[in-house]
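For reference, the structure discussed in these notes is given below.
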């Protein structure tokens, strides 16, 4: 019955315990720092095979990176995506911020160009599919 | 624990299990939070799991987690998702139970660490299934996402548990 009494203790403890102690705050800060540094360090380096085009969070097209070609999308105006020498970039977009046009060409898996006002995203990928569940 | 309490416990476990399944289903219906990482979810059913651990007991939470990871993929998704959901859920649950027993950390931190480990295990499973190291490029993103989403669900769980009415908190005493 020893484990049972342990159960009682921690169940009662967490009914009234404070959400954060000093140790908790230090630990979360350390972990957040480490993971943010890892995100920065692991900048994509694998050459991609496709460019996935998203609008409103849904994939609308998958473009082959090996063909030199321009693709035009009509999302509140024209967006032209250019594929050249295995890289992709947005050459023209009628939105006012022009951030996507200024973004340098992308070619590595995971790299992306985002036009936030139009919810338009292109991202480099290769052939693997992922199924991750919650 | 007398006979009535055992029946009560089974009923509560079933109720909370159905709640996790409903929350899991609703989460599959809402669009992805990060379009480029469409597999990242907040994991709101974790709130129910923490509630189960504190108000019911460990056995109930283990049963809830195992059945949830089996039922959601079978009913609403692809059975191959069981390979991703089951090991990650079970291991992160045991980590969570261990941390609850140690009583060093608060609920939000326990939840954040468990969520981060959950996501990391899924990436390892993805590596084992697909056999390519490309998936490890997601590792920093999913562990960071786990920390943040686990903090969110942990803080919600904390408020849920501290604001639970006393007559429900009393259920705790039946399952000692």
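Rule-based calculations on the coordinates, nothing more; no lab input. All figures in this text were calculated on a predicted structure; none of them were measured in a lab. Note: ideal-geometry Cβ built from the backbone for every residue, glycine included; neighbour counts use all protein chains shown.
Odds and ends about this structure:
- The fewest-to-most ranking of A:53, A:41, A:81 by surrounding Cβ atoms within 10 Å reads A:41, A:53, A:81.
- The mean number of partner chain beta-carbon atoms within 10 angstrom of a residue's beta-carbon across peptide B:147-156 is 2.
- The value of relative contact order for chain B, using C-alpha pairs under 8 Å at least six residues apart, is 26 percent.
- Pairwise FRET efficiency - residue B:29 versus residue A:92, Cβ, R0 = 51 Å, nearest 0.05: 0.90
- Distance between the pseudo-spin-label points of residue B:90 and residue A:85 (7 Å out from Cα toward the beta carbon): 5.2 nm.
- Segment B:1-105: proportion of alpha-carbon pairs further apart than 21 angstrom, %: 38
- Whole-Å semi-axes of the ellipsoid equivalent to segment B:26-176 (Cα gyration tensor, √5λ, descending): 27, 16, 15
- Two-site FRET efficiency, residue A:39 against residue B:102, from Cβ-Cβ distance with R₀ of 25 Å, rounded to 0.05: 0.30
- Taking 7 Å steps out from each Cα toward its Cβ at residue B:167 and residue A:30 produces label points 4.6 nm apart.
- Reciprocal mean inverse distance between Cα atoms of the protein assembly as shown - Kirkwood radius, Å: 21.4
- Mean separation of Cα contacts under 8 Å, 6 or more apart, over the residue count of segment B:78-176: relative contact order %: 31
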